[in-house]
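Worksheet: one structure, shown below.
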Amino acid sequence: MVARPQTGDFANSLSLILHFMEADLRGLLELREAIAADVAAYAAQRATTGDLSALADCLKELERNEASSQFEELNRRFHDMLGWASGNPLFGLLTSALHMLTREFSLSLGYSAQERAVQLRFLRRVLEAVRKGDAEGARQAMARLVAGSASYLAQRSPELVSQKVRWGQT
C-alpha cells in the first residue's frame, strides 16, 4: 500500500540532498529571502476568506505568546499558512519544508524580546496588506521582515548560520 506523501517526507528527502551538497543554514535563509516576499504578494492576490481568518487567528496567538517558548513555532506556522494562502501549493510545500529544515537551528537560538516585537510589527503589516489585496505592500513588508531576520541571525550567531544541514534533523 502506498501512503500519501506528506510535507515531512519532502523535507526529509530535501535534507538528505542538502546534507550531501554540504549546504548550510545561510543557504536556506537566502532561499527564504528569495521567495518569501513574492509568496506574500501572491497571498495578497489569492488568499481566501478562510486563509485570512486563519492568518488573523495565528497572529493573535503569536501576540498572546510574544514572551513564551511557543513564539518561534507560531511564527513558523504563520509563514506556513501564508505560503499555502498564496494559492500555489508549491510555495506552501517549500515554505513548510524550509521551516522543518531550519527548526533545529532556531531552537538553539531563539529571538530576543526586541526581535520578537520587530517580527510582530512586520507580520501585522504583511497581514494588513494581504487583507487589502495589496500585493506590493505585502511584498515590501515581508522583504523587510526576512532581510532583517536573516541579518539578526547572522549578527547574533554567525557560527549557527554556517552550520551544515544534516539529514535526519527534520
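A few comments on the model shown:
Okay, residues lined up against (1) more than 17 Å from the chain's Cα centre (by Cα); (2) more than 24 Å from Ser151 (Cα to Cα); (3) modelled with pLDDT of 90 or more:
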| residue | (1), (2), (3) |
| --- | --- |
| Gly27 | no, no, yes |
| Leu31 | no, no, yes |
| Ala37 | no, no, yes |
| Thr48 | yes, yes, yes |
| Glu61 | no, yes, yes |
| Asp80 | no, no, yes |
| Leu94 | no, no, yes |
| Thr102 | no, no, no |
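- Residue within the range 11-22 that is within 16 Å of the chain's Cα centre (by Cα), over 24 Å from Ser151 (Cβ atoms) and either of a type outside the set (S, T, N, Q) or part of a loop (DSSP other than H, G, I, E, B) (or both) present: yes
- Matching residues in the range 159-170 - criterion: being at pLDDT below 80 and exposed (fewer than 15 other Cβ atoms within 10 Å of the Cβ): Gly168
- Cβ-Cβ distances below 9 Å connect the following pairs, each with a first residue in the range 34-51 that is over 14 Å from Val126 (Cβ atoms), a second residue that is surrounded by fewer than 18 Cβ atoms within 10 Å (Cβ to Cβ), and a separation of six or more residues or different chains: Arg46/Gly87; Arg46/Asn88; Thr48/Gly87.
- Selected residue [in contact (Cβ under 8 Å) with a residue 40 or more places away in the chain, in contact with a Ser or Thr (Cβ under 9 Å, 6 or more places away or on another chain) and in a helix (DSSP H, G or I)] from Leu74, Leu82, Leu98: Leu82
- Note on the range 143-170: residues that are under 27 Å from Asn12 (Cβ atoms) and part of a helix (DSSP H, G or I) total 8.
- Each residue in the range 57-71 was checked for being buried (at least 19 other Cβ atoms within 10 Å of the Cβ) and without any contact (Cβ under 8 Å) to a residue 24 or more places away in the chain, and 1 pass.
- Contacts under 6 angstrom Cβ, first residue in the range 117-138 being in contact (Cβ under 8 Å) with a residue 40 or more places away in the chain, partner crowded, with 17+ Cβ neighbours inside 10 Å and of a type in the set (Lys, Arg), 6 or more apart: none
Conditions (1) surrounded by fewer than 16 Cβ atoms within 10 Å (Cβ to Cβ); (2) out of contact with any helix residue (DSSP H, G or I) (no Cβ under 8 Å at 6 or more places or on another chain); (3) of a type in the set (D, E, K, R); (4) over 21 Å from Ile35 (Cα atoms), marked per residue:
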| position | (1), (2), (3), (4) |
| --- | --- |
| Leu55 | no, no, no, no |
| His79 | no, no, no, no |
| Arg103 | yes, no, yes, no |
| Tyr111 | no, no, no, yes |
| Arg121 | yes, yes, yes, no |
| Ala138 | no, no, no, no |
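The values are calculated or read from the model by the stated rules, or taken from the named source; none is laboratory data. None of the values given here were measured: they were computed from a predicted structure. Positions of Cβ are generated from backbone atoms using ideal geometry, with glycine treated the same way; all protein chains shown enter the neighbour counts.
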